[in-house]
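*Asks:* I'd like to ask you about the structure that follows.
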Amino acid sequence: MAVFEDDEDDFDRTLSVRRPTMSEAPAAVVDKRAAERRQSNTRIFFTTLVVIAVLYLAKPVVVPVALAILFAFLLTPIVSILERTFLRRTGAIVLSVGLAVTALSLGGWWIYSQFNSVAQEFTQSGTIQRVEQKLRFLRRSSTGLAVFERFQRTLQRVTEPPGPEEKPLNVRVINDNSVRERYRAVAPTVEFVAAAFLVVVLVFFLLKEREQMRDKLLRLAGRAHLTVTTQAIGETSHRISRYLLTFALLNLGFGLLIGMGLFFLGVPHAPLWGVIAGLMRFVPYVGAFLSASLPTFLSVAVFPSWYIPLAVLGLFVLSDQLIGGFVEPIVVGHRVGISPIALLVSAIFWGWLWGPVGLLLATPISVCLTVGGEFIPALRLFSIMFGAEDPLEGYLSFYNRLLLRDRTGAIAIADRHAESDTMEEMFTDLFIPTLTFAQEELERTRISPAHDHFIKDVIRELIIRFGDRNAGTPDPARHIVAVSVAGERLSLGTLMLTQLLREEGYSVDYFTDLPDDELLAFITEVKPEAVFVSCTNSDHVNIGYALIQLINEKFPELMIVAGGSAFARDRQTTLTAGATYVPSTLTEAKDDFLARRKISRRKTGRSMTFSGTRFRVPPPA
C-alpha cells in the first residue's frame, strides 16, 4: 500500500554531485567571460557577412569549384573501386569522369528535345479549350474568375496568331558586324562551355590528388590541430559521399516509380516526367511536389475527365510518402545529422545566392558546416543550428520542459531515454542532474518554489511509473519497507533506490504519517529484510533519529537505511542513532544494499544513544 501526500519535499542531495556554479565564481571572471563571449559573437557575425558577400560577388569562380568538389565526392567511391583493377588511378578517373560527362550531356540533350516536343503538342488546337471547360466551375467565384481569366488571356496571346486587323510593327534593321556585338550574342554559350570544362578538369585533379589535398589541409591546420582536422575531413567526406550515393539511388527509385506509374496511366512523355521528378527531389522536401505540377497540368489538358489528373497527383503524393516516410528513414535514417528546418532554410539561402546550382549544393554544404562544427569550435554555431540532435544536454532539455510546465514534453523525453537506457541510467543521468540543477537555481532565486515543486512532482510521478514498468516478479521472501518521518513524503532519492530494488525482485511497502505502534506491528508481521527511513527537512531530523532508534531497539538485527538530505548532513549522528548506513550515491547505495544482504547483518560496538541521552520526539506545540 503506497501513500503519497501533497506537501512540499526537498530533493535528496546526497544522491547528487554538486558542480561549481557561475554564482560561486569571482565577479571579475564572470564579467571577463561575458565580454569575451560578446566579442566572439560580434566577430562571427561580421565574418559571416564578409563570407556571404564574397560568395555572392565571386559566384562565377566559386560555383564551378563547388560543383567540382560535389562531383568529386560523388565519384570517389566509384574511382576507389575501379582503380583496384588494371585501369589504375588515371584510367579509373578518365573512365568515371568520361561516363559522367557523357551521361549528363546525353541526358541534357534528351530533356531539351522532350520539352520541345511537349511544347509543340501543347500548342495544338483544342488543348486550351479543354482546360477551359474543365476549370469553368472556377468562374462561379470572383477570385477564381479573375485568376483564370488572366491565365486564359496569357495562353491565347502565346498560341494564337495575330489577327488581320492588327497593324504590323515598323522594324528597323541595324547591321552591326562588330566583334563586340557578335561576342555578346554567343557569350552565354561560351561562358557555359568554359565553366563546364573547368569543372571537368578540376574534378579530374581533385580525384587524382585527393590524398595530397588532404595532406595540404592538414599542414595548413598545423600540428596542434592535426587530430581534429583529420577527424573533421574524414567524417565530412564519409558523410557527404554516403549521403550523395544513397540519396541519388533513392531519387532514381522515385523517378522510376513515377515514370512507370505515369506510363500505365497513359500520360504522354512519362519517361521525361520520371527523370524530372528524380532530379527535382534533390531539392529538400518541396522538389517532389514541384515536379508534379507539369504532368498534372498536362493530364488536365489531354484527358477529358478529372480521374487521370487526380490519379497523377495522387501518384506523386503516395510515391513521395513511400520513399520519404518509409524507405528513406531505413536507408538514410538520421546519419546525415541535419534537421529538416535547417535543410529548408539552407535550400532557400543557397538558391537565392547561387540559383539552381545552390539548390543542388545546399545539403552537401550544410553537412560540411554541421560536421565541421563538431570538431572546430569556431563553427560550433552551425553544428548547433543545423544538427538534428537536441542542442541541449539530455537533462537540460528535460529541465527546460519542466520549467515551462510542459508535462507532456518532459514525459516524452523521459520515454525516449527509457527506450535506450536502463532505469538506473535514467535515474542517474536524467533525474538526478535535473533535480540538482533545479536546487541550484532555487538557491539563486532564479526559479520560484512553485516551479521547484512542479519539477519534483513530475519526477516523482515518473519514478513511480518507470518503477512499476520495470518491476520484476516480487519475491515474498525478499521484502522491504520504506517510511518517511511524520509530515513528509519519501525523499526522491529513497524512492529511486527502492524502485531499483523492485527491479531486482524485492517487494516494497511505502508509508507516510504512519503511527509508530502501527509501523512496528507491520514490521513484526511482514518481517522485512530492511527498513528505509526518509527525512529531508532539518526541522524533523530529531523525529527521524527517534524513529530510527525505536526501530533499532525493537528489531536489533534489522537493516535500517537512512535516506534524505537531513540525515546526510550529519552522517555520524544518524549512524549513532541506529542506522545501518546512509547512502551517498544511487548506484553505490544499490550495490551496497545488495552486497550486505549476501552476508549476515552485524552490528559491533555501536551505541544506541547519543551523548548519553535518548532521542525523543518533541511534544507538539
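The values are calculated or read from the model by the stated rules, or taken from the named source; none is laboratory data. Since we're looking at a predicted model, the values are computed, not measured. Here Cβ is always computed from backbone atoms with ideal geometry, including for glycine, and neighbour counts include all displayed protein chains.
*Asks:* Out of all the residues in segment 58-77, is one or more on the phi > 0 side of the Ramachandran plot, surrounded by fewer than 16 Cβ atoms within 10 Å (Cβ to Cβ) and in a helix (DSSP H, G or I)?
*Replies:* no
*Asks:* Hey, can you tell me all the residues within segment 515-535 that are part of a loop (DSSP other than H, G, I, E, B), touching a helix residue (DSSP H, G or I) at 6+ places or on another chain (Cβ under 8 Å) and either crowded, with 22+ Cβ neighbours inside 10 Å or free of Cβ contacts under 8 Å to residues at least 40 places away in the same chain (or both)?
*Replies:* 535
*Asks:* A follow-up question, please. Give the residue that is farthest from residue 398 (Cα to Cα), with candidates limited to residues of segment 409-451 that are without any contact (Cβ under 8 Å) to a residue 60 or more places away in the chain, in a helix (DSSP H, G or I) and of a type in the set (D, E, K, R).
*Replies:* 443
*Asks:* Then there's this: Give the residue that is nearest to residue 286 (Cα to Cα), with candidates limited to residues of segment 340-358 that are small (Gly, Ala, Ser) and in a helix (DSSP H, G or I).
*Replies:* 347
*Asks:* Look through 345, 327, 317 and report the one residue that is surrounded by fewer than 17 Cβ atoms within 10 Å (Cβ to Cβ), within 29 Å of residue 261 (Cα to Cα) and at pLDDT 80 or above.
*Replies:* Going through 345, 327, 317 in turn, the sole match is 317.
*Asks:* A further question follows. Any residue at all in segment 455-468 that is closer than 14 Å to residue 396 by Cβ, surrounded by 19 or more Cβ atoms within 10 Å (Cβ to Cβ) and of a type outside the set (Phe, Trp, Tyr)?
*Replies:* Yes, because at least one residue in segment 455-468 is closer than 14 Å to residue 396 by Cβ, surrounded by 19 or more Cβ atoms within 10 Å (Cβ to Cβ) and of a type outside the set (Phe, Trp, Tyr).
*Asks:* State whether one or more residues within segment 436-457 are within 19 Å of residue 552 (Cα to Cα) and over 28 Å from the mean Cα position of the chain (by Cα).
*Replies:* no
*Asks:* I'd like to check something: does segment 231-252 contain any residue that is farther than 29 Å from residue 367 by Cβ, in a helix (DSSP H, G or I) and free of Cβ contacts under 8 Å to residues at least 12 places away in the same chain?
*Replies:* no
*Asks:* Here are some residues: 258, 323, 276. Which one is under 19 Å from residue 344 (Cβ atoms), part of a helix (DSSP H, G or I) and either not hydroxyl-bearing (Ser, Thr, Tyr) or not assigned by TED's automatic domain parsing to the domain that holds residue 111 (or both)?
*Replies:* The unique qualifying residue is 323.
*Asks:* Residues that are buried (at least 24 other Cβ atoms within 10 Å of the Cβ) and under 41 Å from the mean Cα position of the chain (by Cα): does segment 536-548 have at least one?
*Replies:* Within segment 536-548 (the criterion being buried (at least 24 other Cβ atoms within 10 Å of the Cβ) and under 41 Å from the mean Cα position of the chain (by Cα)), the answer is yes, since at least one residue qualifies.
*Asks:* Also, quick follow-up: From the list 495, 442, which one is in contact with a Pro (Cβ under 9 Å, 6 or more places away or on another chain) and either at pLDDT below 90 or more than 26 Å from residue 528 (Cβ to Cβ) (or both)?
*Replies:* 442
*Asks:* Which of the residues belonging to segment 31-88 are over 31 Å from the mean Cα position of the chain (by Cα), acidic (Asp, Glu) and farther than 25 Å from residue 201 by Cβ?
*Replies:* Passing the criteria: only 31.
*Asks:* What do you reckon, is residue 306 buried (at least 18 other Cβ atoms within 10 Å of the Cβ) and either touching a Lys or Arg at 6+ places or on another chain (Cβ under 6 Å) or farther than 30 Å from residue 210 by Cβ (or both)?
*Replies:* Considered against the rule, which asks whether it is buried (at least 18 other Cβ atoms within 10 Å of the Cβ) and either touching a Lys or Arg at 6+ places or on another chain (Cβ under 6 Å) or farther than 30 Å from residue 210 by Cβ (or both), residue 306 comes out as no.
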